Amino acid sequence: MTKEEIFDKIADIIADRFEVDKATITNEMNLQTDLDADSIDFVEFVLELEDTFGSEISDEDAEKLSAVGEVVDYVAAHQAK
């Protein structure tokens, strides 16, 4: 899957979960400050990413993900081969 395809799927998840316009989602968007996501929102988002992309994201790695682009890069690097 290309980074563009990964971004598109992540943008769909964010738009649905956080009720934002998909067109406003960028790689620079901060998950906590721009989306006003609390810790429960973030955990649920990570779980949905794991389900969508079929790979596990450790708690330690999840804590390092703050921007949409970082999530895209992480998923791209950890895709099931």
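The values are calculated or read from the model by the stated rules, or taken from the named source; none is laboratory data. Here the structure is a predicted model, which means the values were calculated and not measured. Glycine gets a Cβ as well: all are built from the backbone with ideal geometry, and neighbour counts include every protein chain shown. Surface accessibility is based on the protein's heavy atoms, side chains included, excluding ligands, DNA and RNA. Shrake-Rupley method; radii C 1.70, N 1.55, O 1.52, S 1.80 Å.
Numerical summary
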{"read-out": "Zone of Asp16's modelled label, taken as backbone nitrogen in the stretch 51-74 under 12 Å from a point 7 Å along Cα→Cβ", "value": "51-53"}
{"read-out": "Choice from Ala11, Ala62, Ala23 showing the highest fluctuation, given a GNM over the chain with Cα pairs closer than 10 Å", "value": "Ala23"}
{"read-out": "Long-range amide H partners of Ala67 with built H, under 5 Å", "value": "Leu31"}
{"read-out": "Probe 1.4 Å, protein heavy atoms only - accessible area per residue of the stretch 1-55 in square angstrom", "value": "62"}
{"read-out": "Within the chain, longest stretch free of exposed GluC sites (Glu not before Pro) [DSSP loop, at most 15 other beta carbons within 10 Å]", "value": "29-55"}
{"read-out": "Inter-probe distance in nm under a simple model that places probes 7 Å from Cα toward Cβ, at Ala23 and Leu47", "value": "3.3"}
